[in-house]
1. Of the conditions (1) more than 30 Å from Gly63 (Cα to Cα); (2) out of contact with any His (no Cβ under 9 Å at 6 or more places or on another chain), Ser198 satisfies every one except a single condition; which number is it?
2. Which residues, taken from region 112-123, are surrounded by 12 or more Cβ atoms within 10 Å (Cβ to Cβ) and touching a Lys or Arg at 6+ places or on another chain (Cβ under 8 Å)?
3. Checking Ala11 against (1) in a strand (DSSP E or B); (2) under 13 Å from Ala158 (Cα atoms); (3) of a type outside the set (S, T, N, Q), only one condition comes out false. Which one?
4. Could you please let me know if Arg36 is closer than 23 Å to Asp178 by Cα, surrounded by fewer than 23 Cβ atoms within 10 Å (Cβ to Cβ) and not polar (S, T, N, Q)?
5. Give me a count of the residues in region 1-18 that are among the charged types (D, E, K, R) and surrounded by 17 or more Cβ atoms within 10 Å (Cβ to Cβ).
6. Which one of these is closer than 30 Å to Leu125 by Cβ and assigned to a loop (DSSP other than H, G, I, E, B): Val32, Val47?
7. Output the number of residues of region 50-86 satisfying the condition of being touching a residue at least 40 places away in the same chain (Cβ under 8 Å), on the phi < 0 side of the Ramachandran plot and in a loop (DSSP other than H, G, I, E, B).
8. If you take the residues of region 124-155 that are surrounded by fewer than 15 Cβ atoms within 10 Å (Cβ to Cβ) and among the acidic types (Asp, Glu), which of them is nearest to the chain's Cα centre (by Cα)?
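Readers should treat all values here as calculations from the given coordinates under stated rules, not as data from a laboratory. All values reported here derive from a predicted model rather than from experimental measurement. Virtual Cβ from ideal backbone geometry, glycine too; neighbours counted across all protein chains shown.
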Amino acid sequence: MLERFAELTTAHVADACVRAGVPVRTVSLTAVVGGRVAGRVLPAQHVGSVDVFLEAFESAAEGDVLVVDNGGRRDEACVGDLAALEAAAAGVAGIVIWGLHRDTADIIAIGLPVFSLGALPTGPLRLDPRPDDALSKATIGEWTVTREDIVFADEDGAIFVPADRLDELLALATTIRDTEHRQAVEIRAGRSLRQQVSFADYLSKRAADPSLTFRQHLRAVRGAIEE
């Protein structure tokens, strides 16, 4: 999965979702270590104990990504170095946390890609009742994800896409990437983006038809840069 994502970004995938009419499920996270991760979601709802992660690893497939739902809490860290080590030993490709981590130096030394909302020394000081679906779904931001989803994460954050739309979305993302790369090369060569997308022509057409949007114009000239 990571090989297929290697030449793409989460931004490309997000634009592909827009073009395909797939909900754009993104969250802002920061990489603790390892700039990129891609794999099937391995969900886990944290309620105060590491045992939910250990149980998730019992059913993990090689390349899965542990997606931790800690409700976005900023009063405790829910993943530390031992969880990261155990994840790596289980063949998990990375960890995406809707919450905080700790043991930053040790996690960096382990080298497993980890993304979170930030760091805090304090671990959990509570133990809440565990829901029945703790290992079947996770809520990340406003999104609920399951084993039927794929997660991609890089320097811009994380995005979740349906596994059954993966090939379509990656193909679209590749097309968008190639278009943007060509446009960047031409800008550096002296041909402005305004020239490439016939921006003066767009302004003229919009003056005659105020309902015309820039995105409609871009589709017509095959220069999509916003989706």
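1. (2)
2. Selection gives Pro113, Leu117, Gly118, Ala119, Leu120, Gly123.
3. Ala11 satisfies all of (1) in a strand (DSSP E or B); (2) under 13 Å from Ala158 (Cα atoms); (3) of a type outside the set (S, T, N, Q) except (1).
4. yes
5. Of the residues in region 1-18, 1 are among the charged types (D, E, K, R) and surrounded by 17 or more Cβ atoms within 10 Å (Cβ to Cβ).
6. Within the list Val32, Val47, the selection yields Val47.
7. 5
8. In this case the residue turns out to be Glu155.
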